[in-house]
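Accompanying notes for the structure given below.
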Amino acid sequence: MTALLEVTDLSIQFGGLRAVSEVDFSLAEGEILGLIGPNGAGKSTIFNLINGVLPPSSGRILFGGVDITGWAPYRVVRHGLARTHQIVRPLNDMSVLENCVVGGCFGRDNLTLAAARHKAAAVIEEVGLGEHRAVLARHLTIAHKKRLEIARALCANPRLLLLDEVLAGLNPTEVARMIEVLKAIRRQGVAILMIEHLMQAIMSLSDRVMVLNFGRKLAEGTPAAVVNDPAVIEAYLGTPDAAHKLAGEG
Amino acid sequence: MFGVIASMVDGLLLGAVYGLAAIGLTLIWGVMNIINLTHGALIALGMFGVYFLTARVGGSPYVALLPVAVLGFVAGLAIYGLSVHRVIARPPLMSLLSTFAVNMVIIGAGTAFWSTSIYNLPFSVPGITWQGFTFTGAHMLAAAVAVVVAGALYLFMRHTRLGKAIRAVANNRQAAELMGIPSGRILAVAFALGVALAAVAGGLIATLFPFTVLSGSGYQLKSFVVTVLGGLGNPAGALVGGLLLGLIEGGVTPFIAVSWTPVIEFVLFVLILIAFPKGLFARGAAR
Amino acid sequence: MSLLRQPMLWLILGAMALFAGLPGFGGDVALREGLFLTAIAIILASNLNLMIGYTGYVNFGNIVFFGLGGYFGVWLTTMHGWPLVPAAIVAAILVSTIALFFGLGILRLRGSYFTLATIGINEAVRALVSNIDAWGGSTGMYLSVSVYQPLGGPRQALWIVYFLVIGIMGASLFLSWFIRRSKFGLGLFAIREDEDAASVLGVHPALYKSVIYSVSGFLPAMAGALFFFKNGVIQPDQAFDLTMSTEAIVMLMLGGQGSVTGAAVGAFLYDQLRSTLLTSSMFSQFQLVIAGILLLLIVLFVPGGLIGWIGERWPRLRRVLE
């Protein structure tokens with residue numbers, strides 16, 4: 001099994017704070033890796049390092065065998081690595097369709113406008129935004145804006161999708177719908193690296209889980225193994241009861 | 001050699017006035033992130049204010065600065081209410097345009113009333129001659145007034161409730177409101193203060209040079225240069241930036257034709273803006 | 001052809017035909033002079049729209065392109081004896097190249113910082129040009145009547161320049177329209193909405209911004225070369241007049257930024273208003289005051305401009321007027 005993404009010794013220093021410290025991990029083609037940890041553990045920072053929003057202080061990021069360390073974000077996405085934002089960033093005065101067309105036009109396939117429109121229309125249906133395609137992005141509800149983030153990223157036809165808390169702030173019905181969307185994406189063979197606080201979702205979706213604490217990797221393994229790890233329970237999950245409950249469900 | 005030093009000293013004196021003019025601009029930028037394009041027009045109004053008070057009412061132009069400051073403050077409140085308050089949270093284009101619109105109105109009305117002919121304050125202050133070089137009294141007095149006003153502003157911002165409230169709003173408007181500071185009123189006061197400072201600076205400039213109703217725009221451009229030198233939104237930096245600009249002007253005048261001075265100024269302006277968008281004296285968190 | 005069924009194509013061609021035909025057939029010189037200024041205004045406003053409306057970067061010193069183009073054009077025609085059209089084209093190429101260079105520097109700045117830098121560049125260039133002796137320094141350059149001879153004498157030259165300017169006006173509108181409908185334009189709109197998000201979606205912001213900044217200087221530079229050729233004299237204070245820069249912004253706001261027709265309609269209306277005010281005995285003194293009040297009202301109450309307002313009232317018209 002060759003790794004799609006291989007991160008070695010990744011670190012970044014903000015002034016005196018080492019936000020991410022010597023993190024190693026890899027992700028296989030089509031795999032879903034969950035990334036969990038307390039607030040401020042450096043999860044989103046890892047995303048920013050991988051997709052080039054921040055340059056790492058040290059370390060190496062290989063994607064599909066190519067060293068993409070320090071690449072600008074637009075190059076990374078054209079190479080097939082798309083992401084969503086924890087705090088949604090829709091292109092407000094553009095319609096849902098136009099938002100997605102941007103994703104298609106400038107993504108991995110470098111589509112023409114017409115082809116990107118075609119692709120966008122299909123993806124919009126897929127994530128369930130069909131009836132809102134002509135609506136300006138600013139007028140969407142938060143749940144729909146989160147779906148738009150995913151749709152936009154999918155239009156780039158990525159090999160790997162970084163999802164930053166796409167379930168946060170959604171009500172249970174919306175969470176259920178979103179999980180269906182994510183499962184559909186996985187069936188298409190897109191690998192996913194997802195940050196999530198909603199443990200049920202992590203447990204049911206992830207092939208493997210990585211736990212981050214104070215910028216360092218605390219644990220890594222199957223979901224069941226990780227939630228039973230005493231260090232993880234202490235740092236993140238809190239009570240052992242919760243862990244047992246989760247392990248039972250997973 | 002002495003000529004160069006004397007020229008630089010004179011430059012520093014002028015620089016203090018440039019600094020004062022820029023403080024008004026940078027204060028408004030720092031508190032509400034708005035580039036006040038009425039700045040030049042208010043400098044011009046300050047010039048005419050001092051002129052008419054001195055020429056018609058009589059008395060010293062320095063005394064006339066006081067009513068000019070008060071009138072400037074009132075004008076500032078009016079401009080804020082008319083053109084700034086509603087665009088404060090909108091994209092920068094909107095506040096640029098709304099303040100520019102007021103600028104057009106003021107300059108247009110000023111041109112209609114006073115034409116664009118040259119005015120001159122009929123007064124003189126004895127200067128000091130030293131080694132054959134004369135430092136005019138007006139320059140020295142203007143610099144002194146500028147430094148005193150800037151110092152007073154500093155004390156006001158540091159040690160009064162209102163000054164602290166302004167700084168709080170500048171720092172974080174939402175947080176300030178949660179602490180019970182009425183940010184709307186504070187913003188109006190800060191804007192009016194900035195405008196009053198521009199008017200006072202204009203009044204001081206009128207004691208130094210002949211002027212027209214259009215003179216303000218040149219000083220507005222100088223204020224931009226000064227603000228960028230000192231860091232946008234940093235009043236203390238503005239005074240230093242003003243002195244620096246005066247020093248540069250005074251320092252190069254003996255060596256090159258006067259017409260090259262603006263080239264140096266504006267090239268420097270653009271380069272500093274690109275290289276140090278937060279100003280030369282930014283300390284980390286300056287906005 | 002689907003292009004032939006686009007209303008915009010016919011709107012632009014119709015406008016060009018009106019501008020060329022109205023004074024052309026009657027030989028009405030006064031009308032021609034009025035429309036000449038309107039056409040210049042439309043050129044400035046629609047190219048400025050590429051920056052402000054499409055990309056979201058407020059270029060307050062846009063007139064620098066016009067002025068520099070004028071200087072290069074006059075210099076090539078008078079000092080080097082070039083024919084007008086090649087001189088104007090080369091002037092535009094030079095200006096676009098310089099703009100690309102400027103753009104790489106100042107487009108790192110955002111928001112008001114960028115705006116300040118554009119003012120600084122205009123002032124720096126104005127001050128610099130005032131010191132270039134080969135360009136006549138602060139008194140500028142005068143054209144002798146002999147430069148009009150190859151075009152058949154001054155009288156005919158003025159007509160030729162006028163038709164060329166109408167051509168550039170049409171080119172400006174077509175450029176705005178094509179960019180608006182292109183993938184490149186989509187990238188610009190994405191940058192306008194959220195530059196960082198656009199970059200994460202694959203748009204190369206630095207490249208796109210530099211290119212559009214340079215492109216937005218090309219046609220205004222050509223117009224500048226023609227304008228000052230016709231004018232007979234070029235001086236720094238006239239060529240790099242910040243008031244003209246800001247007037248172009250007012251036109252854009254009046255018509256509606258971001259739309260092809262908005263820039264043109266705004267320029268047309270503003271220019272008509274300006275000439276009406278200037279000729280009326282009652283208002284000529286207060287032209288600036290009235291324009292200022294108008295601008296303030298637009299900014300406060302109709303920020304989308306005329307076209308934005310129409311689009312809200314009659315959504316079906318929005319597609320036609322893009």
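The values are calculated or read from the model by the stated rules, or taken from the named source; none is laboratory data. As the structure is a prediction and not an experimental result, all values here were calculated from the model. FYI the Cβ positions are ideal-geometry reconstructions off the backbone, even for glycines, and counts take in every protein chain you see.
The single condition from (1) buried (at least 24 other Cβ atoms within 10 Å of the Cβ); (2) within 14 Å of chain C (Cβ to nearest Cβ); (3) not polar (S, T, N, Q) that B:Gly76 fails is (2).
Pairing each residue of the stretch C:1-28 that is surrounded by 10 or more Cβ atoms within 10 Å (Cβ to Cβ) with any residue that is at pLDDT below 90 and among the aliphatic types (A, V, I, L, M), provided the two are 6+ apart or on different chains, yields C-beta distances under 7 Å for C:Pro7/C:Val320; C:Leu9/C:Leu3. So in the stretch B:93-111, with the set limited to residues that are in contact (Cβ under 8 Å) with a residue 60 or more places away in the chain and among the hydroxyl-bearing types (Ser, Thr, Tyr), which one is nearest to the other protein chains (Cβ to nearest Cβ)? Here the residue is B:Thr111.
How many of the residues in the stretch B:175-220 are in a helix (DSSP H, G or I), farther than 11 Å from B:Ala22 by Cβ and touching a helix residue (DSSP H, G or I) at 6+ places or on another chain (Cβ under 8 Å)?
Number satisfying all stated conditions: 26.
Conditions (1) surrounded by fewer than 23 Cβ atoms within 10 Å (Cβ to Cβ); (2) closer than 26 Å to C:Pro315 by Cα; (3) of a type in the set (D, E, K, R); (4) away from chain C (no Cβ under 11 Å), marked per residue:
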{"site": "A:Ser58", "(1), (2), (3), (4)": "yes, no, no, yes"}
{"site": "A:Ala116", "(1), (2), (3), (4)": "no, yes, no, no"}
{"site": "A:Val127", "(1), (2), (3), (4)": "no, no, no, yes"}
{"site": "A:Glu165", "(1), (2), (3), (4)": "yes, no, yes, yes"}
{"site": "A:Asn171", "(1), (2), (3), (4)": "yes, no, no, yes"}
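Quick check: anything in the stretch B:277-287 at positive phi, assigned to a loop (DSSP other than H, G, I, E, B) and over 18 Å from the mean Cα position of the chain (by Cα)? Checked against the condition, which is being at positive phi, assigned to a loop (DSSP other than H, G, I, E, B) and over 18 Å from the mean Cα position of the chain (by Cα), the stretch B:277-287 yields at least one hit.
Among the candidates C:Phe72, C:Phe65, C:Phe102, C:Phe114, which residue alone is assigned to a helix (DSSP H, G or I) and over 23 Å from C:Ile234 (Cβ atoms)? Don't jump to the end; show me each part of the working.
Values: C:Phe72 fails: over 23 Å from C:Ile234 (Cβ atoms); C:Phe65 fails: over 23 Å from C:Ile234 (Cβ atoms); C:Phe102 fails: over 23 Å from C:Ile234 (Cβ atoms).
Being assigned to a helix (DSSP H, G or I) and over 23 Å from C:Ile234 (Cβ atoms) holds for just one of C:Phe72, C:Phe65, C:Phe102, C:Phe114, which is C:Phe114.
Filtering the stretch B:232-267 to residues that are in a helix (DSSP H, G or I), over 19 Å from the mean Cα position of the chain (by Cα) and aliphatic (A, V, I, L, M) leaves B:Val252, B:Val258, B:Val263, B:Ile264, B:Val267. Annotation note: Cβ proximity below 9 Å between a residue of the stretch C:91-111 that is on the phi > 0 side of the Ramachandran plot and a residue that is surrounded by 18 or more Cβ atoms within 10 Å (Cβ to Cβ) (sequence gap 6+ or interchain) occurs for C:Gly111/B:Asn33; C:Gly111/B:Pro92; C:Gly111/C:Tyr57; C:Gly111/C:Val58.
Taking the conditions exactly as written (facing chain B (nearest Cβ under 10 Å) and in contact with a Lys or Arg (Cβ under 9 Å, 6 or more places away or on another chain)), does C:Phe189 satisfy them or not? Don't jump to the end; show me each part of the working.
On the way: facing chain B (nearest Cβ under 10 Å): no; in contact with a Lys or Arg (Cβ under 9 Å, 6 or more places away or on another chain): yes.
Considered against the rule, which asks whether it is facing chain B (nearest Cβ under 10 Å) and in contact with a Lys or Arg (Cβ under 9 Å, 6 or more places away or on another chain), C:Phe189 comes out as no.
Filter the stretch C:108-125 down to the residues that are more than 8 Å from chain B (Cβ to nearest Cβ) and crowded, with 22+ Cβ neighbours inside 10 Å and list them by number. Within the stretch C:108-125, C:Phe114, C:Thr118, C:Asn122, C:Val125 qualify.
Of the numbered criteria (1) out of contact with any Phe, Trp or Tyr (no Cβ under 7 Å at 6 or more places or on another chain); (2) touching a residue at least 40 places away in the same chain (Cβ under 8 Å), the one C:Thr115 fails is (1).
Figure legend. Inter-residue proximity from the stretch B:166-191: first residues more than 19 Å from B:Leu77 (Cβ to Cβ), second residues not in a helix (DSSP H, G or I), beta-carbon distance below 6 Å, spacing 6+ or different chains. Indicated pairs: B:Ala168/B:Ile181. Restricting attention to the stretch C:127-145, the residues that are loosely packed, with under 15 Cβ neighbours inside 10 Å and either over 24 Å from C:Pro236 (Cβ atoms) or aromatic (Phe, Trp, Tyr) (or both) total 1.
Within the stretch B:234-260, being crowded, with 23+ Cβ neighbours inside 10 Å and either polar (S, T, N, Q) or more than 25 Å from B:Gly194 (Cβ to Cβ) (or both) holds for one residue alone: B:Asn234.
Might you check whether a residue that is touching a residue at least 40 places away in the same chain (Cβ under 8 Å) and surrounded by fewer than 18 Cβ atoms within 10 Å (Cβ to Cβ) occurs anywhere in the stretch C:184-192? Steps first, answer last, please.
Looking only at the stretch C:184-192, we keep the residues that are touching a residue at least 40 places away in the same chain (Cβ under 8 Å), and these are C:185, C:188-189, C:191-192.
Subset that is surrounded by fewer than 18 Cβ atoms within 10 Å (Cβ to Cβ): none.
No, the stretch C:184-192 has no match at all.
Against the test of being touching a helix residue (DSSP H, G or I) at 6+ places or on another chain (Cβ under 9 Å), within 20 Å of C:Gln238 (Cβ to Cβ) and among the hydrophobic types (A, V, I, L, M, F, W, C), the options C:Leu50, C:Leu107, C:Leu37 yield a single qualifying residue, C:Leu37.
Checking each residue of the stretch C:206-220 against the condition of being among the aromatic types (Phe, Trp, Tyr), away from chain A (no Cβ under 14 Å), in a helix (DSSP H, G or I) and more than 19 Å from A:His85 (Cβ to Cβ) gives at least one match.
The residues of the stretch C:295-306 that are surrounded by fewer than 20 Cβ atoms within 10 Å (Cβ to Cβ) and more than 7 Å from chain B (Cβ to nearest Cβ), listed by number, are C:Leu297, C:Phe301, C:Val302, C:Gly304.
Could you tell me whether A:His132 is surrounded by fewer than 16 Cβ atoms within 10 Å (Cβ to Cβ) and either aromatic (Phe, Trp, Tyr) or over 30 Å from A:Phe63 (Cα atoms) (or both)?
Numbers: surrounded by fewer than 16 Cβ atoms within 10 Å (Cβ to Cβ): no; either aromatic (Phe, Trp, Tyr) or over 30 Å from A:Phe63 (Cα atoms) (or both): yes.
Taking the combined requirement at face value, the residue does not satisfy it.
In the stretch C:266-278, is there at least one residue being assigned to a helix (DSSP H, G or I), more than 14 Å from chain B (Cβ to nearest Cβ), closer than 22 Å to C:Val165 by Cα and in contact with a Lys or Arg (Cβ under 9 Å, 6 or more places away or on another chain)?
No, because not a single residue in the stretch C:266-278 is assigned to a helix (DSSP H, G or I), more than 14 Å from chain B (Cβ to nearest Cβ), closer than 22 Å to C:Val165 by Cα and in contact with a Lys or Arg (Cβ under 9 Å, 6 or more places away or on another chain).
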